[in-house]
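> Below are the structure tokens for one structure; questions will follow.
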Amino acid sequence: MKKIFVVIALSSVMFACNNKAKEEAELKQKEADKQLAIKAVKDSLRLDSFKKAEVAKVEAEKEAKHQEELAAARAAGARSSKSSRSYASSGSSSGGSSSSYGGTTQPTAKKKGWSDAAKGSVIGGAAGAVGGALIDKKKGRGAIIGGLVGAGGGYLIGRGEDRKSGRVQPKN
């Protein structure tokens, strides 16, 4: 009986040591795989940054050409407007105001829909009116005051969002 216990104990010790070696080998393999994955991601990012730099360079060249074309158009427009001015009026100083663009005006994209300031005002006003009616004992007065305060707060928050999105230019 003692021999059986000794054999079982020895075999369990051997299996335990064998499992540790396997676990260590698996951990090393996982670590190596992890390092390979990190290297692959870094290489990918490096390649992406090179591609982005090339794209930015091409875009800069296009923008420079566009600016040159605009400058040439402005110069041609200025020359044509000087030669075609009318001095027929008797007492006026110069023939009127002329734009620096010769006819190459670019239409500005009109924003459609409600601005964030308008949305904020409506939502804030409605929420303030409900809140004011619930809080104040005189429901009408509370709704009016709450609506005004809510609309003002909603407008300020929405106006800030409009500035962030570029819909409204900040005053300088």
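> Return the total of residues in the stretch 59-91 being modelled with pLDDT under 55 and of a type in the set (S, T, N, Q).
5
> Return the residue satisfying two criteria in turn: it lies in the stretch 120-143 and is open to solvent by 100 Å² or more (accessible area, probe 1.4 Å) and touching a helix residue (DSSP H, G or I) at 6+ places or on another chain (Cβ under 7 Å), and of such residues it is modelled with the highest pLDDT.
Looking at the filtered set, the residue picked out is Ile123.
> Right, next: Cβ-Cβ below 8 Å, separation at least six or inter-chain, first residue in the stretch 136-148 and farther than 15 Å from Gly124 by Cβ, second open to solvent by 100 Å² or more (accessible area, probe 1.4 Å): which pairs?
Gly142/Leu134; Gly142/Ile135
> Next question. Taking Gly102 as the residue in question, decide whether it is small (Gly, Ala, Ser) and either under 37 Å from the mean Cα position of the chain (by Cα) or modelled with pLDDT under 85 (or both).
For Gly102, the condition - small (Gly, Ala, Ser) and either under 37 Å from the mean Cα position of the chain (by Cα) or modelled with pLDDT under 85 (or both) - is met.
> Please go through the stretch 32-49 and give me each residue that is among the hydroxyl-bearing types (Ser, Thr, Tyr) and modelled with pLDDT of 75 or more, ordered by number.
Ser44, the sole residue that qualifies.
The values are calculated or read from the model by the stated rules, or taken from the named source; none is laboratory data. All values derive from a computational prediction rather than experimental measurement. We place every Cβ from the backbone using ideal geometry, glycine too, and count neighbours over all the protein chains shown. Protein only, heavy atoms only, side chains kept; ligands, DNA and RNA dropped before computing areas. Shrake-Rupley method; radii C 1.70, N 1.55, O 1.52, S 1.80 Å.
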